[in-house]
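Here the structure comes first, spelled out in structure tokens, and everything after it is commentary.
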Amino acid sequence: MKKILHLLYQPYKWLVYIPFFGISTLIFGAIAAILAFLINARVASYIGGAIWARLNIWMVPIFVTVSGRENIDIKQSYVVIANHQSAFDIFVLYGFLDIDFKWVMKQELRKLPGIGIGCEKVGHIFIDRFDHESALKALSTAKEKIVNGTSIIFFPEGTRSSDGIIRDFKKGAFKMALDLDLPILPVTIIGTKEILPNKTLNLFPGKALMKIHEPISVKDYSDENINELIKKAREIMVKDISKGKN
């Protein structure tokens, strides 16, 4: 039955959703760039990003459930970390996290029509993963933007996980949290791997859960015991992924 449903979904995917994604990305990217110039980056990010993400979520459709909103203080800036299983993690976070934030994005995305210009104008951070010095400089510049309730999001695994297992975390997000004395906000996303598996175009409607965990204070951590902080954050997220599979 599932194979039949997948087959029946294909005309909608190719004739309706994918054209909608392309057109909406160009339009909302342009809107974000214009609003960033006319008003400010926060408004531009919400209209050009959050609304764009929600529209694309609804068009698939994906039914998103969010738990743990009470763990967010909208006046507090965070270093947000999320697991990464699918391209649709970006839509879930942008559309439903409901805080102002900056992405840390790979430099290659700057070249994409709509996405590149829109993200640049609202202040997202592009880093060159193959140029360590350039990446450090970009992150250093980004620190000035993470104030007054504006947060920053990392996928600390560094890449998408095809099998759903959370990979080892890189230190960048945690080093920034220590440098800025900001709490870590772990977010676990479950279900997107089945909606759009990594490195495929096998899109299919489904359900996604985003769980926002309690923030982790960094006051008891330093460069000397940063690995303990990384382990604590990862264990919280791994536990949720394990529950999601049961």
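The values are calculated or read from the model by the stated rules, or taken from the named source; none is laboratory data. Just so we're clear, the structure is a prediction, and the values are computed from it rather than from any experiment. A quick note on method: Cβ atoms are made from the backbone with ideal geometry, for glycine too, and the neighbour counts reach across all protein chains shown. Accessible surface is based on the protein model in full, side chains and every heavy atom, while ligands, DNA and RNA are left aside. Shrake-Rupley method; radii C 1.70, N 1.55, O 1.52, S 1.80 Å.
Numerical summary
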read-out: Candidates Ile166, Ile190, filtered to the one that is open to solvent by less than 40 Å² (accessible area, probe 1.4 Å) and closer than 22 Å to Ile51 by Cα; value: Ile190
read-out: Search result, residues across region 1-31 that are more than 20 Å from Asp89 (Cα to Cα) and open to solvent by less than 30 Å² (accessible area, probe 1.4 Å); value: Tyr9
read-out: Top-ranked residue in region 100-154 [being of a type in the set (Phe, Trp, Tyr) and over 22 Å from Phe37 (Cβ atoms); ranked as modelled with the highest pLDDT]; value: Phe154
read-out: Residue, nearest to Pro19 (Cα to Cα), within region 53-66, restricted to residues that are without any contact (Cβ under 8 Å) to a residue 60 or more places away in the chain and surrounded by fewer than 20 Cβ atoms within 10 Å (Cβ to Cβ); value: Met59
read-out: Contacts under 8 angstrom Cβ, first residue in region 5-26 being farther than 20 Å from Gly48 by Cβ, partner among the basic types (Lys, Arg) and not in a helix (DSSP H, G or I), 6 or more apart; value: none
read-out: Neighbours by Cβ (under 9 Å, 6+ apart or cross-chain): first from region 177-196, under 17 Å from His84 (Cα atoms) and assigned to a loop (DSSP other than H, G, I, E, B); second open to solvent by less than 40 Å² (accessible area, probe 1.4 Å) and β-branched (Val, Ile, Thr); value: Gly191/Ile62; Gly191/Val64; Gly191/Val92; Leu196/Val60
read-out: Qualifying residue in region 210-223 (condition: hydroxyl-bearing (Ser, Thr, Tyr), surrounded by 14 or more Cβ atoms within 10 Å (Cβ to Cβ) and in contact (Cβ under 8 Å) with a residue 60 or more places away in the chain); value: no
